[in-house]
Amino acid sequence: MQTKEEYLAKLKVQLDEWQGDLEVLRGKAETATDDAKVKIQEQIAELRGKWDEGHARREEIKDAADDKWEEFKDEAEAKWEEFKVGAKDSFDKVKSYFS
């Protein structure tokens, strides 16, 4: 059973990883053709929005009362997993421009 602190640490690691991936994709976008660059930058903006959403979700969990964590964690995990799937799909879409 994860504590709230362990769960928040796990989310931070994931968000930090995605932040690094975004930076790599921004760098690759600079070398793309003009048409592709526009599409890639649109997708990167969408990904940044998803990152912001994930960060906000983490802050929401962080601010939740510790005594409510047990009630809250299953819902939090389900929402985070749903969010991860959406973010992965968006990252895969951007990465497909470079394949």
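Residue count for region 2-61, restricted to those that are over 14 Å from the mean Cα position of the chain (by Cα), part of a helix (DSSP H, G or I), surrounded by fewer than 13 Cβ atoms within 10 Å (Cβ to Cβ) and β-branched (Val, Ile, Thr): 2. The lone criterion from (1) over 23 Å from TYR7 (Cβ atoms); (2) in contact with a Lys or Arg (Cβ under 8 Å, 6 or more places away or on another chain); (3) free of Cβ contacts under 8 Å to residues at least 40 places away in the same chain left unmet by LYS79 is number (1).
Here are the criteria: (1) modelled with pLDDT under 85; (2) loosely packed, with under 15 Cβ neighbours inside 10 Å. Tell me which single one LYS73 does not satisfy. LYS73 satisfies all of (1) modelled with pLDDT under 85; (2) loosely packed, with under 15 Cβ neighbours inside 10 Å except (2). The residues listed here are LEU11, LEU22; of these, the one that is touching a Lys or Arg at 6+ places or on another chain (Cβ under 6 Å) and modelled with pLDDT of 85 or more is LEU11.
The values are calculated or read from the model by the stated rules, or taken from the named source; none is laboratory data. Note that the structure is predicted; figures quoted are calculated from it, not measured. All Cβ positions, glycine included, derive from the backbone under ideal geometry; neighbour counts span all protein chains shown.
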